[in-house]
Amino acid sequence: MTLIPHTETDAAYVIRNAAAQGTRLSLCGGNSRVGFGNPVEGAEAMSSRGLSGIVDYEPAEMVMTARAGTPVAEIEAALAANRQMMAFEPMDHRGIMGTSGEPTIGGVFAANVSGPRRFVAGAARDSLLGIRFVNGQGQVIRAGGRVMKNVTGLDLVKLLAGSHGTLGFLTEVTFRVLPVPQSIETIVISGLDDAAAARAMASALSLPVEVSGAAHLPQTVKGRFVGGALPEGEATVLRLEGLAASVAVRAEKLAAVMKAFGPVSRLGQDKSVTLWREIRDVHPYADGTQKPLWRVSVAPSIGHQLVAALRLEAGVDAFYDWQGGLIWMRMEADPEAELLRRYIKALGGGHATLMRASEQVRAVTPAFEPQPDAVAALSARVKQKLDPAGIFSPGKMAGAL
Amino acid sequence: MQTNFTLEQLADPHVAESEKILRRCVHCGFCTATCPTYVTLGNELDSPRGRIYLIKDMLENGRPADEEVVTHIDRCLSCLACVTTCPSGVDYMHLVDHARIHIEKTYRRPLMDRLIRGLLAAVLPYPARFRAAVVFAKLGRPFVPILKRVPALKPLGAMLDLAPASIARPSDAATPGTRAPQAERRGRVAILSGCAQPVLDPGINEATLRLLSRLGIEVVVPEGEGCCGALVHHMGREEPALDFARRNVDVWIREIDNGGLDAIIITASGCGTTIKDYGHMLRLDPAYAEKAAKVSALAKDITEYLSVLDLPKLEPKRLNVAYHSACSMQHGQKITLAPKNLLKVAGFTVRDPAEGHLCCGSAGTYNILQPEISGQLKARKVRNIEATKPDVIATGNIGCITQIATGTAIPILHTVELLDWAYGGPQPQKLSAR
Amino acid sequence: MSEAIEFLPPRPAVLSRRTAIIADLTDLLPAECVIHEARELVPFETDAFISYRRLPLAVVLPKTTAQVAAVMKYCHRYGVPVVPRGAGTSLSGGAIPQEDAIVLGLSKMSRILEVDYANRTATVQAGVTNLNISEAVGVDGFFYAPDPSSQLACTIGGNIGMNSGGAHCLKYGVTTNNLLGVKMVLVDGTVVDLGGKHLDSAGYDLLGLVCGSEGQLGIVTEATVRLIAKPEGARPVLFGFETSEEAGACVTDIIGSGVIPVAIEFMDKPAIEICEAFAHAGYPLDVGALLIVEVEGSEAEMEATLASVVEIARRHGVKTVRESQSAAEAALIWKGRKSAFGATGRIADYICMDGTVPLGKLSYVLKKTSEITDSFGLRVANVFHAGDGNMHPLILFNANDPEDAAKAEAAGNEILKLCVDAGGCLTGEHGVGIEKRDLMRHQYSDADLAQQMAVRSAFDEGWILNPSKVFPLDGRPAA
Ligand SMILES: Cc1cc2nc3c(=O)[nH]c(=O)nc-3n(C[C@H](O)[C@H](O)[C@H](O)COP(=O)(O)OP(=O)(O)OC[C@H]3O[C@@H](n4cnc5c(N)ncnc54)[C@H](O)[C@@H]3O)c2cc1C
Ligand SMILES: Cc1cc2nc3c(=O)[nH]c(=O)nc-3n(C[C@H](O)[C@H](O)[C@H](O)COP(=O)(O)OP(=O)(O)OC[C@H]3O[C@@H](n4cnc5c(N)ncnc54)[C@H](O)[C@@H]3O)c2cc1C
Ligand code: SF4
Ligand code: SF4
């Protein structure tokens, strides 16, 4: 049975009781990601679904406040009506997870999601201005506010973003939104291998043309994007957004430089929208399987080296969301967690998160990158300060977290 | 910022002036970033803001100077980069002048330090003595490595290092008298011969005389003129400095009265900064205040003066000139564009080295008294200059020329030497040697 | 000197061991890295919030992370408070020491360690100045985006301490949005790496927590920051208005229209006069308020953005519109703006407020602010980052007149409360320091503060890192 409080006060009450009795709670929103993180024994589910609705939306100030359980769809609709958007492009991961719940805005921030605009527009954490949450002692805490610039005290907002329901139960979030770009265009360079693509993307991103998305789609996945409409060969794709006139000029410039790398073609508005949504949602791996799926975050320039190294030892398929700072990797059979994490370390560091795998695999594979001892100890102390009784899904992230 | 002075203390005009300066400082710290010693040593005590605070504390408490304060004030180059940077208009120059006088009056330096300073003050300002010293220096050169090993003697080693290897040929550029122009007369100026420059590099004023003559300017080398006083002024020796100033004021006022002067031309920006400050230095001397102000108003760097003469534009030459702006030029006198524009008009390609605001470490006698910091700054300066791949380096101050020349093989000239050459003078020797 | 804000009483156990502590520090570090002579400590007694001053016990200026670690290990063991210091440009007293504290200055750690264009990152030591980073990568067409007006002098370590912002943060975000990783020495001397060249954290976002923690969670010794390709062009445009209210309303409308310039800076008449006197940037002197709006991108883009902005400004009765004609002129316009605080020193002492308000409240808060300063008989100059509602009223006073100084402080407190009451916050970018510490309860409940303090304790159980700052002295967790 899932606990669904309908007021913040109720939530605080439930949590206070749980803390007193040592009952573990597994916090969720729409539960669209059932099966993520390390399995937690004997936890009772508690959802924010009952705390729903947009509280305040000032399009002129580009700020929205919503209760944590508000469906993402509702928020996106309200924003779209004002031609605004969440700049960090929250992904719909129901495809890859094979789940069907209704994603909530609280879940988006609790998972600190981000998309292909990550490098330029930040992740969910960067848009989150203020929160209300209930800590592990059942106290309602407010952090941050509703203005863009705010350095008043410790930034608990960042801490709670990406804490995956292990530090507190979000009840309300206030976040920044941006205007939807007037126009989108994509430059496609065809036929580059992974290494050449890395060079091409690095060069594109150092030009003054404001590339807002860069991805490399190798032959194995390319055909699954935009209904197979991408040209012959591997596709290295670069997104430009903004005022129509400006996008046109920048596209010319970018295309001119990219010609040196390979044949260049372009995708217009509609196909571009589809393409980048599919990249965001990891469309090729929304394949209805349980094949282990990794979300790997490393310095962009080592991405292809990592994949090349792994290929020698394991069955791996991958594509690169460069501006998202990510490699999405699907393993053929074994998740190869140790191998993967060893190579990441050897190549300069980063982290790998297991997004999907069968029950058996998840039971034995740490979903989050294990942290060095000192950082793990520090994180455990932080958790202890927010959730002294250890009731919020202990162990879900790693060790005590 | 807040200050704490008693009315009694404020009765002293020096203190009163310093108090005014201190009040303007808002402790924003901007000046630290462009201070060569802070950038080199990374200690706020060796930054303008730190020094201002040390001086404030010393003056407020009416304390004699002590070793700590002296150490950090001595390390100041008086480059005045901080004055250029300061948004609040803090007159650090006159504050540190006052502090140096206070130090000189209230602090007894260790013996060796006193001797070296005494030696510098007794020799450098006097061309004849300096010439003799250079001959001596040649004899002393073999001892440099030994001297450098004894901390108290390091300055001596530095001194010998800097002395020119050969003595300049005698020149009549400094001989008193009036030079009638070759072209139709357009103006009349006096030129400062100064003290060290005629010994180290008489070619600079020779070039100036030739160029001005061709441009129709009558030039006077007045009888009785001498060191501008900067050398001793920066050591905090107030009275000798004022004496030098008074003597020069007398000489120039005499010239102004007999025949008039359009300008007093200075070819060493270090001296220029001081002469332009005579009006302030002598403000408390009723007999001289007015005359000194008049002299300061007429003082012009040679490039400043040439800029208003509208020199004709010449064909581009294939010569890259790295322009090094002396601190006394850019920070002391705020002359930044004139020299570069003149060079460009004369057809040279001008390059701006990075970190142009940083001192080369010469700073009067600084390279002798603080050889280590000076050496680091020199290396940094040379690195930045060489990065622009110049054929020649131009600058407007003899101190910088001597300093930078010991760090690079690229020839370094005074701006006016290049201009003289471009406008019909002989090719400078340093260039023909290549 | 003002006395309204208290510091923690010095720990007697530390003061009584002063000689031993200095001797021990001298063993740990090279001689030129330890400062302890009374006279030499004086210049470290304050930062850019000069109304308050405290002499430290000693100052250390380590040159390596290992030396920082050795100092921290020692101070942790003996319970000696440590106040980290970058360039000491804090406007909230963040770097002001206390009698029983060691100042740990990062000024000798000022090397740029690595520039990695392929990944668009730079890794630098904490004492590198903000501007140094942009200068180092400028020739290759990159820059580091957050640009506090103090960028010439302030260090990246201090920027992280205060999560500093600047004019161009409207588009590019503040420090926390541009910081990828740090090397940090924990209170007990352990060295940890948080983040790196990759994005986001594998576990909790400790990096996000450290950014803006005012030196209370550890000593940052290295930072990895994001570099951004310079736009093709950038152009500041001056918009002069009759009144501050008109200018304020115009800002709200520009943002509301969805056109987001890179920067919108505001100056009122007193500020215009002050800045023009220093920079000679050609600011119009016949207007009551000025907006500097910067647009960037290709020529086409700048034209288009500018056209929409001009259109909006016209609706608000703009008097003069002046585009900068050259790079040199643009540089002067920014130089004037960035020198504003310092240049104010030409006419008076000042304290600088830093509250942020929702954009819709800008005009209202501006009006109220002058009412408040008027009621105290004080003058005020306003120059601030308007695009994100981050106000900087400069309250002018005479520091040699204690009564005036007290009035300025009181007026400042009222203005900050006004910002909070208008739905904003106490500080947008300068940090809480000591200045706003005792106002924290106006913005947060006891539980909110207790939670923050508990998290702080997770890093520093004994509260030895910069202990007098940020959190009100009463109601702290027992050590
Ligand atoms: C590990 C992980 C990584 C992800 N990475 C990305 C990504 O990189 N890009 C992307 O676009 N999408 C990503 N997602 C998807 C993202 O989580 C969903 O878009 C969003 O979480 C859906 O909301 P939900 O209501 O279904 O959340 P749920 O699936 O119910 O929960 C998601 C997470 O948030 C926590 N949570 C939910 N509500 C609350 C609350 N009120 N208080 C506290 N914690 C709460 C849960 O404990 C859980 O850890 C990721 C999801 C997970 C689980
Ligand atoms: C004229 C002027 C204009 C300014 N304009 C702006 C502006 O536009 N935007 C803005 O945001 N700020 C501005 N400031 C404020 C100030 O410059 C910033 O807060 C700056 O980030 C401080 O940097 P600093 O190196 O001087 O740090 P300090 O002042 O020395 O320290 C600041 C804080 O950080 C801590 N700290 C410093 N270094 C470290 C480290 N390595 N590890 C851990 N903690 C550390 C200190 O303990 C202190 O709490 C301005 C200041 C002045 C004087
Ligand atoms: S820049 Fe000027 S006002 Fe600022 S600290 Fe230096 S001297 Fe003082
Ligand atoms: S004069 Fe030069 S060396 Fe002296 S404090 Fe100023 S900037 Fe530093």
Original post:
Using only Cα atoms, what is the ratio of the radius of gyration of chain C to 2.2 N^0.38 Å?
Top reply: 0.97
Subject >> Listed residue (A:Gly268, A:Val157, A:Pro231) projecting farthest to the positive dipole end of chain A, Cβ model >> reply: A:Val157
Original post:
Mind listing P(r) for segment B:7-106? All alpha-carbon pairs, 5 Å bins, whole percents.
Top reply: 2, 14, 27, 26, 19, 9, 2, 0
Original post:
Applying 1/(1 + (r/R0)^6) with R0 = 30 Å to the Cβ-Cβ distance of B:Lys334 and B:Thr388, what FRET efficiency is obtained, to the nearest 0.05?
Top reply: 0.80
Original post:
Three principal axis extents, largest first, for the C-alpha atoms of the protein assembly as shown, in Å?
Top reply: 107, 72, 67
Original post:
Taking the alpha carbon gyration tensor of segment A:1-157, what are the square roots of 5 times its eigenvalues, largest first, to the nearest whole Å?
Top reply: 26, 20, 15
Subject >> Candidates B:Thr274, B:Thr175, B:Thr37, ranked by Gaussian network fluctuation over chain B, Cα under 10 Å, top entry >> reply: B:Thr175
**OP:** With all distinct Cα pairs included, what does the Kirkwood hydrodynamic radius of segment C:348-437 come out to in Å, to one decimal, could you say?
**Re:** 12.8
Original post:
In whole Hz, what ³J(HN,Hα) sequence does segment C:102-110 give by Karplus (6.51, -1.76, 1.60; θ = phi - 60°), x for Gly and Pro?
Top reply: 8, 7, 10, x, 9, 5, 8, 9, 10
Original post:
Taking the Cα atoms of chain A, what is the range of coordinates along each of the three principal axes, in descending order and whole Å?
Top reply: 66, 52, 36
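I'd like the Kirkwood hydrodynamic radius of segment A:332-401, using the inverse of the mean 1/r over distinct C-alpha pairs, in Å.
Numbers: mean 1/r = 0.0743 Å⁻¹.
Computed over segment A:332-401, the radius equals 13.5 Å.
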Original post:
What full-extension length gain, to one decimal in nm, is calculated for C:Ala38 and C:Ala406 as 0.36 nm per residue of separation minus the Cα-Cα distance?
Top reply: 129.6 nm
Subject >> Cβ-Cβ FRET estimate between B:Ala152 and B:Ala132, R0 fixed at 30 Å, reported to 0.05 >> reply: 0.80
Subject >> Cα→Cβ-extended label distance, 7 Å offset, between B:Asp310 and C:Leu55, nm >> reply: 6.5
**OP:** Could you tell me whether segment C:183-319 comes out rounded, prolate or oblate from its Cα gyration tensor? Rule is a ≥ b ≥ c as square roots of the eigenvalues, rounded for a/c under 1.5, then prolate if a/b exceeds b/c, otherwise oblate.
**Re:** prolate
Subject >> segment C:12-105 - convex hull of alpha carbons, volume per residue in Å³ >> reply: 90
Original post:
How about C:Lys436: which lysines have a C-alpha closer than 19 Å to its C-alpha, ignoring those fewer than 8 places off in the same chain?
Top reply: A:Lys149, C:Lys407, C:Lys417, C:Lys469
**OP:** Given a cut-off of 31 Å, name the pairs among B:Lys138/B:Lys381; B:Lys276/C:Lys108; B:Lys20/B:Lys276; A:Lys158/C:Lys338; B:Lys291/B:Lys381 whose C-alpha atoms lie farther apart than that in the structure shown.
**Re:** B:Lys276/C:Lys108; B:Lys291/B:Lys381
Original post:
Can you give the convex hull volume of the alpha carbon atoms of segment B:336-434 per residue, in Å³?
Top reply: 96
**OP:** Per residue of segment A:49-62, in order, report the coupling 6.51 cos²θ - 1.76 cosθ + 1.60 (Karplus, θ = phi - 60°) as ³J(HN,Hα) in whole Hz, putting x for Gly and Pro.
**Re:** 3, x, 9, 10, x, 7, 8, 7, 9, 10, x, 5, 9, 6
Subject >> Most mobile of B:Cys271, B:Cys86, B:Cys35 in a GNM of chain B (Cα contacts under 10 Å) >> reply: B:Cys86
Subject >> For chain B, convex hull volume per residue from C-alpha positions, Å³ >> reply: 135
Original post:
Mind listing the phi-derived Karplus ³J(HN,Hα) values for segment A:141-154, rounded to whole Hz, using 6.51, -1.76 and 1.60 with θ = phi - 60°, and x for any glycine or proline?
Top reply: 10, 10, 9, x, x, 10, 9, 4, 10, 6, 10, 7, x, 5
Original post:
Considering only the other residues whose Cβ falls under 12 Å of the Cβ of C:Leu41, what net charge follows from Lys and Arg at +1 and Asp and Glu at -1?
Top reply: -3
Subject >> Over segment B:78-211 - Rg/Rh using Cα atoms and the Kirkwood inverse-distance radius >> reply: 1.07
Original post:
Using modelled amide H (1.01 Å from N, peptide plane; none on Pro or chain starts), what sits under 5 Å from the amide H of C:Glu222, excluding residues fewer than 5 places away?
Top reply: C:Ala126, C:Lys183
Original post:
How do B:His233, C:His442, B:His94 line up, fewest other C-beta atoms within 10 Å first?
Top reply: C:His442, B:His94, B:His233
Subject >> Computed helical MRE - 222 nm, chain A, DSSP H runs ≥ 4 contributing -39500 (n - 2.57), nearest 500 >> reply: -9000 deg cm²/dmol
Original post:
Each label point is 7 Å from the Cα along the Cα-to-Cβ direction; what then is the distance between the points at A:Glu76 and B:Leu139, in nm?
Top reply: 9.3
Original post:
What residue among B:Gln182, B:Gln333, B:Gln197 shows peak mean-square fluctuation when chain B is described by a Gaussian network model with Cα springs under 10 Å?
Top reply: B:Gln182
Subject >> Semi-axis lengths, Å, segment C:112-229, gyration tensor of Cα atoms, sqrt of 5 times eigenvalues >> reply: 21, 15, 13
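In debye to the nearest 20, how big a dipole does segment B:7-106 give about its Cα centre with +1 on each Lys and Arg Cβ and -1 on each Asp and Glu Cβ?
Details: 10 positive and 15 negative charges, 68 e Å.
It works out to roughly 320 debye.
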Original post:
Sorted from fewest to most neighbouring beta carbons within 10 Å, what does the list A:Ile327, C:Ile264 look like?
Top reply: C:Ile264, A:Ile327
Subject >> Cβ-derived FRET efficiency at R0 60 Å, C:Asp140 paired with B:Thr106, nearest 0.05 >> reply: 0.70
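In Å, what Kirkwood hydrodynamic radius results for segment A:287-364 from the alpha-carbon pair distances?
Result for segment A:287-364 stands at 12.4 Å.
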**OP:** Work out the charge dipole of chain C with +1 on the Cβ of Lys and Arg and -1 on the Cβ of Asp and Glu about the Cα centre, then indicate which of C:Asn119, C:Ala38, C:Gly195 is farthest towards its positive end.
**Re:** C:Ala38
Original post:
If each of B:Thr349 and B:Gln376 carries a label point 7 Å out from its Cα toward its Cβ, how far apart are those two points in nm?
Top reply: 3.5
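Here, each number is a calculation from the coordinates, and none is a lab measurement. Note that the structure is a prediction, hence the values are computed from the model and not measured. Neighbour counts run over all protein chains shown; Cβ positions are idealised from the backbone, glycine included.
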